[in-house]
Amino acid sequence: MSIKNTDLVHAGRQDLRRLGVHALPVDLSTTYPLPDLDQGTASLDALVEGHKAADNPVYARLFNPTVDRWEQSLARAEGAEAGVAFSSGMAALTACLLALREHGTHVVAVRPIYGTSDHLLASGLLGNEVTWVSADEVGAAIRSDTALVMIETPANPTLQLVDIEAVVRQARSVPVLVDSTFATPVLQRPLQQGAALVMHSATKFLGGHGDVMAGVVACSDEMAQRLRQVRIATGALLHPWAAYLLHRSMPTLKLRVEQAQAGAVALAHRLSKDPRVSAVHYPGLAKGKAKDTLNRQMRGPGSVLAFEIDGGHAVAAAVMASVQLITPAVSLGSVDSLIQHPAALTHRVMEEGDRQDCGISAGLLRLSVGLEEFDDLWHDLDQALTQACLSGRQAA
Ligand SMILES: *Cc1c(COP(=O)(O)O)cnc(C)c1O
C-alpha cells in the first residue's frame with residue numbers, strides 16, 4: 001500500500017477540532033502541574049517504563065504532546081505501530097543500539113552507510129562489535145550474540161540498493177534496521193518487507209527545508225517502549241519547536257519528494273550522456289538485479305544521485321567551487337539543491353581503504369536535487385563542469 005496525501009495532511013491532528021484550533025499547538029512546558037501526588041507517581045511510573053502516554057506528562061524528558069503528534073504522523077506514514085523521535089539521526093541510531101544491547105553487542109552491517117553511522121559502529125564507542133559484509137553474506141555472519149542487522153538503502157553516498165526482503169530472510173530472528181533516509185516513506189516502507197526498525201535522519205527530506213535537526217525510528221509498540229526508556233535515560237530529545245516544524249512539513253512530503261525526483265530523473269539521464277562525467281550512480285539508471293530490487297521495494301528512484309568525474313579531488317573541488325544556483329554543502333533532501341564531496345566531507349571519518357572498497361572515490365560528487373526547474377539546474381551544472389574541466393586541464 002502506498003502512502004496517502006490524506007494521511008500526511010491529517011495524521012496527528014484528529015483532536016484539533018475538538019480543541020477548537022486549526023494550527024498545531026506547541027507545548028513548551030518543561031514541567032506540568034500535578035493535581036495530586038498519586039497521579040504524578042502513577043504517571044511517572046508508566047512513562048519511565050516506556051509507555052506511550054500517561055494521565056500527566058510530569059516532565060518534558062518523559063513526554064511532550066507536540067512531539068507525540070509528529071510521532072503519530074510519522075508512524076502513519078511508515079505504516080508502523082509507533083514512532084519515536086530523537087534530536088538527530090545519530091541519536092536515533094544510538095538509541096536503537098542501546099535498546100538492543102540486552103540481546104548482545106554484535107552488529108552485522110552492509111557498507112556503505114552514512115559516514116558517521118559507519119564511525120559509530122566501527123569505533124565501538126557504544127561497546128558494539130561490527131562485522132561488515134556484503135548483502136548476500138548477512139546470513140553467514142549472524143552469531144548467537146548478534147543483536148542487530150543494519151542496512152541503508154538507497155545507500156549514502158553511492159545510491160547502492162540493498163534487497164530488504166533478502167536481508168530479512170537471512171537475519172532470521174535478528175531484527176533488521178533499515179536507514180530509509182534517502183527513500184522517505186513516500187518511496188519505500190521497509191516494515192512491509194519485514195524490517196523491525198526504520199530509521200530516518202529527519203534532518204533531510206522529512207524536515208525538508210534545511211532548518212531542523214531530528215531523527216526518528218518507526219517500529220512496533222514493543223520496540224518503541226524500549227526506545228522510549230532509552231530516550232528518557234539518555235535525554236536525546238526532540239524539541240517541541242522542531243517537532244512542530246517537522247509536522248508542518250508532513251503534508252507536502254509527497255509533493256516535494258515526487259517533484260524533486262522528476263528533476264533528478266532528468267538530470268541523471270542528462271549527466272549519463274555527458275562526456276565530462278565518467279559514471280552516474282542513480283537507482284533510476286539501475287539495470288538487472290538492482291532494477292528488480294528497485295521495482296520490488298521502491299515506488300521511485302528518489303532525488304539523490306552521485307556522479308564521478310575524471311581528475312579526482314581537484315576537479316571535484318572545482319565543480320563545488322563553480323556552482324552558483326546549487327549550494328555546495330553537506331546534507332540533502334532540502335527544497336533547494338545541494339552538492340557535496342563524500343570522500344572529503346560526509347564520509348571522511350572512514351578509513352581510506354574502506355571508503356575505496358565501497359566505491360567512494362576522490363572524483364565522486366553527491367547531488368541532492370531540489371525543486372528548482374530542470375533547465376536552471378542543468379545550466380548551473382553544465383557551466384560548473386566546464387569551469388572545472390578547464391581548471392583541471394590547466395593544472396595538468
Ligand atoms: C544525515 C544522515 C544521518 C545522520 O543524521 P543526523 O540527523 O545528521 O544526525 C544518518 N543516515 C543518513 C542516511 C543520513 O543521510
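What follows draws every value from the coordinates through simple rules; no lab data is involved. Quick caveat, the model's predicted, so the values are computed rather than measured. Ideal geometry is used to build each Cβ from the backbone, glycine not excepted, and the neighbour counts take in all protein chains shown.
Given an 8 Å cut-off on Cα distances and at least 6 residues of separation, report the relative contact order of the chain as a percent.
The value is 17 percent.
Starting from the Cα gyration tensor of the stretch 253-395, multiply each eigenvalue by 5, take the square root, and state the resulting semi-axes largest first in whole Å.
So the equivalent ellipsoid measures 23, 19, 14 Å along its semi-axes.
Taking amide hydrogens as modeled 1.01 Å from N in the peptide plane, which residues meet the under 5 Å criterion relative to Asp27, leaving out close sequence neighbours?
Thr66
With the crude spin-label approximation of a point 7 Å out along Cα→Cβ, what separation in nm comes out for Thr6 versus Glu373?
3.6 nm
For a label point 7 Å from the Cα of Gln394 along Cα→C-beta, name the residues of the stretch 321-356 whose backbone N is under 14 Å from it.
Only 321-322 fall inside the zone, counting backbone N under 14 Å.
Putting +1 on Lys and Arg Cβ atoms and -1 on Asp and Glu Cβ atoms, find which of Thr293, Val212, Leu97 reaches farthest to the positive end of the dipole of the chain.
After comparing all options, I get Thr293.
Two-decimal Rg/Rh of the stretch 35-88 from alpha-carbon positions, Kirkwood Rh?
1.03
Based only on other Cβ atoms within 10 Å, what is the fewest-to-most ordering of Ile339, Ile232?
Fewest to most other Cβ atoms nearby, the residues stand as Ile232, Ile339.
Which value in nm describes the separation of the simple spin-label points at Thr41 and Leu126, placed 7 Å from the Cα toward the beta carbon?
About 3.5 nm, to one decimal.
If you rank Trp241, Trp70 by fewest surrounding Cβ atoms within 10 Å, what's the result?
Ascending Cβ contact count within 10 Å gives the list Trp241, Trp70.
Could you tell me the center-to-center distance, by alpha carbons, between the stretch 195-219 and the stretch 252-316 in angstrom?
A separation of 21 Å, based on Cα centres.
Across the chain, how many lysine pairs separated by 8 or more positions, or lying on different chains, have Cα atoms within less than 22 Å?
Lysine pairs, 8 or more places apart or on different chains, close enough: 5.
Per-residue HN-Hα couplings for the stretch 370-386, Karplus 6.51 cos²θ - 1.76 cosθ + 1.60 at θ = phi - 60°, whole Hz, x for Gly and Pro?
x, 9, 5, 5, 4, 4, 5, 5, 5, 3, 5, 5, 4, 5, 5, 5, 4
Which cross-chain or sequence-distant (5 or more) residues have an amide H under 5 Å from the amide H of Ser278, H modelled 1.01 Å from N in plane?
For Ser278, the qualifying residues are Glu308, Ile309, Asp310.
Would you list His379, His51 from fewest to most Cβ contacts within 10 Å?
His379, His51
Where nothing but the Cβ of Lys and Arg (+1) and of Asp and Glu (-1) is charged, how large is the charge dipole of the stretch 12-81 around its Cα centre, in debye to the nearest 20?
Result for the stretch 12-81 is approximately 420 debye, rounded to the nearest 20.
What ³J(HN,Hα) values, in whole Hz, does the Karplus curve 6.51 cos²θ - 1.76 cosθ + 1.60 give for the stretch 327-342 when θ = phi - 60°, with x put for Gly and Pro?
Couplings: 8, x, 6, 6, 6, 6, x, 8, 5, 10, 7, 10, 10, 8, 10, x Hz.
Would you please give the FRET efficiency between Ala266 and Asp357, computed as 1/(1 + (r/R0)^6) with r the Cβ-Cβ distance and R0 = 22 Å, to the nearest 0.05?
Using R0 = 22 Å, I get an efficiency of 0.10.
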